[in-house]
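Peer 1: Have a look at this one.
The values are calculated or read from the model by the stated rules, or taken from the named source; none is laboratory data. Just so we're clear, the structure is a prediction, and the values are computed from it rather than from any experiment. With ideal geometry, Cβ positions are generated from the backbone for all residues, glycine too; neighbour counts draw on all protein chains shown.
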Amino acid sequence: MQVPANTARSYFRNIYLTLKTILIGMRITLKYCFARTITLQYPDVAPALQPRYRGFHFFEIEKCIACDACARACPVDCIYIEKTGPRKIDKATGLASGGAVTRFAIDYAKCMFCALCVDPCPTDCIHMGSVHDLSAYSREGMIVEFTELAAEGHQTPQPLWMQRERPPVWAAEARAKWERYEFSRDGREHDERRHAMAQALIEREPPKKAAPKAGRASRES
């Protein structure tokens, strides 16, 4: 029985593509296999992190409406949110108001750093950060209470060694950026942001909608 020419051609093409992809993969492997090894003297020297590195979160509590979208998206149920009432965004200021956020915590003993909690956030208040080192001696110590951090004016947890009086230069620069809130993109001043973060921890009346104009109301009636 004669094999059709197109079937034979497809058979040998598949063999060619298989060998080609294997060689491409091996070329990349061998490139790094024989590359010069560079050792970074961490923590004296900053670790080399990629631009899309997914580290411990930083959280803008002043924009959070506690809608639980991030908690529902989490595949391991490691996000815990509690509030005293509904919250909503004031379009004029871009800040949330209403009930108080009494708890926003993440259990990093369970977190997979998958970033699935970031995309569904309607107010863009939770982000993957650059903190890579956060160890603890117990499971309870791996739970980060972001509401407690917000009360202190922090958006992201700081490793214990970074809280020393004389941390490495790169660590001091990173801490200064966190204290200036450079990760936030809305351009608020330092004192204004700290005040907004403190306000998120207490109940506030949500902004009332402006009453419709008399002329428009009369036309509709």
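Peer 1: Residue 48: part of a loop (DSSP other than H, G, I, E, B) and either modelled with pLDDT under 90 or not assigned by TED's automatic domain parsing to the domain that holds residue 153 (or both), yes or no?
Peer 2: When the stated conditions are applied, residue 48 passes them.
Peer 1: Taking only the stretch 127-173 into account, find how many residues are crowded, with 16+ Cβ neighbours inside 10 Å and hydrophobic (A, V, I, L, M, F, W, C).
Peer 2: The total comes to 11.
Peer 1: Answer yes or no as to whether residue 156 is part of a strand (DSSP E or B) and in the same structural domain as residue 72 (by TED's automatic domain parsing).
Peer 2: Against the criterion (part of a strand (DSSP E or B) and in the same structural domain as residue 72 (by TED's automatic domain parsing)), residue 156 does not qualify.
Peer 1: How do the strands (runs of 3 or more DSSP E) wholly within the stretch 66-150 filter down when requiring 3 or more residues that are among the small types (Gly, Ala, Ser): which remain?
Peer 2: 95-98
Peer 1: Same structure again: Got at least one residue in the stretch 95-103 being among the basic types (Lys, Arg), crowded, with 18+ Cβ neighbours inside 10 Å and in contact (Cβ under 8 Å) with a residue 12 or more places away in the chain?
Peer 2: Among the residues of the stretch 95-103, not one is among the basic types (Lys, Arg), crowded, with 18+ Cβ neighbours inside 10 Å and in contact (Cβ under 8 Å) with a residue 12 or more places away in the chain, which makes the answer no.
Peer 1: Return the residue satisfying two criteria in turn: it lies in the stretch 159-194 and is at pLDDT below 85 and within 25 Å of residue 41 (Cβ to Cβ), and of such residues it is farthest from the chain's Cα centre (by Cα).
Peer 2: Residue satisfying both the conditions and the ranking: 165.
Peer 1: Report whether or not residue 60 is at pLDDT 85 or above, in the same structural domain as residue 167 (by TED's automatic domain parsing), closer than 30 Å to residue 168 by Cβ and among the charged types (D, E, K, R).
Peer 2: Criteria met by residue 60.
Peer 1: Then there's this: What do you reckon, is residue 4 surrounded by 10 or more Cβ atoms within 10 Å (Cβ to Cβ) and modelled with pLDDT under 85?
Peer 2: So residue 4 does not fit the description; no.
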